Amino acid sequence: AQSVTQLDSQVPVFEEAPVELRCNYSSSVSVYLFWYVQYPNQGLQLLLKYLSGSTLVESINGFEAEFNKSQTSFHLRKPSVHISDTAEYFCAVSDDTGGFKTIFGAGTRLFVKA
Amino acid sequence: NAGVTQTPKFRVLKTGQSMTLLCAQDMNHEYMYWYRQDPGMGLRLIHYSVGEGTTAKGEVPDGYNVSRLKKQNFLLGLESAAPSQTSVYFCASSYGTSGMGEQFFGPGTRLTVL
């Protein structure tokens, strides 16, 4: 069975500092990996995804994540955060079995301070 | 395009009351999902549907029923609400016929059961 572990429930960071949000998964088959972002009082929206090919994927607002198969990780990074990045971030995994369900991690709340 | 919409946005129920949450999508997606979000637990799948007229149980289906009579609508029913069902409920849809499909989320319904 698949599972997703987000190692930090909260990450406070100062504006313009770098940040890494950690995500580890377990699965016995090939996976697809996602990061979703949830701004206050909104639904989730896709930030970036890994399906195949290059292990480094990027979003349009400066986030990147690297798929590491040997460490079963998909950590999210940004070299310089903004106040507007304050949100909750969810790592998720799916595959082509089991009815195509996506498993979400518990979430990491990123709080960017001025 | 409105994307995924949910009604109502907020609701307060007394224990034992019933209600129906409505989800609608205008993207012609085959797959639709109902999740609940609780602090520290991420998103948990309640029920899902892989097409009009079909539904299936997710991770936490007890106490909920669903129907998908039309492709664009997915209804979540609580027949006899309990305080444990206090949560934020999200509907999502996806076009993918595999695990690669991104999910599109509605804005959520905040339900309190007294």
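Comparing A:Y32, A:L56, A:G43 along the charge dipole axis of the range A:15-90, the residue lying farthest to the positive side is A:Y32, per the Cβ-charge model.
GNM remark for chain A: springs join alpha carbons under 10 Å apart, and the peak mean-square fluctuation among A:N61, A:N24, A:N41 falls on A:N41. Normalised by the number of residues in chain A, the mean separation of alpha-carbon contacts (under 8 Å, six or more apart) gives a relative contact order of 37 percent. For the range B:65-114, the alpha-carbon coordinates run over 39, 21, 17 Å along the three principal axes, in decreasing order.
For chain A, modelled as a GNM whose springs connect Cα atoms under 10 angstrom apart, the maximal fluctuation among A:L56, A:L47, A:L21 occurs at A:L56. Between A:Q10 and A:K69, the distance separating the two model label sites (each 7 Å from Cα on the Cα→Cβ line) works out to 3.9 nm.
Scanning chain B for trypsin sites (Lys or Arg not before Pro) in DSSP loops with at most 12 other Cβ atoms within 10 Å, what's the longest stretch left with none?
Within chain B, the longest run free of exposed trypsin sites (Lys or Arg not before Pro) spans B:15-69.
For chain A, the Kirkwood estimate of the hydrodynamic radius, built from every pair of different alpha carbons, is 14.2 Å. The mean number of partner chain beta-carbon atoms within 10 angstrom of a residue's beta-carbon across peptide B:35-45 is 5.
Using only alpha-carbon positions in chain B, the gyration tensor eigenvalues give semi-axes of 23, 14, 13 Å once each is multiplied by 5 and square-rooted (largest first).
The charge dipole of the range A:1-71, taken about the Cα centre with unit charges on the Cβ atoms of Lys, Arg (+1) and Asp, Glu (-1), comes to about 380 debye, rounded to the nearest 20. Rg over Rh for the protein assembly as shown works out to 0.97, using Cα positions for both radii and the Kirkwood form for Rh.
Gain on full extension, evaluated as 0.36 nm per residue between B:D38 and B:K71 minus their Cα-Cα distance, stands at 9.1 nm.
Each value in this text was obtained by applying a stated rule to the coordinates, not by laboratory testing. Because the structure is predicted, anything quoted here is derived from the model rather than measured. Cβ: placed from backbone, ideal geometry, glycine included. Neighbour counts: every protein chain shown.
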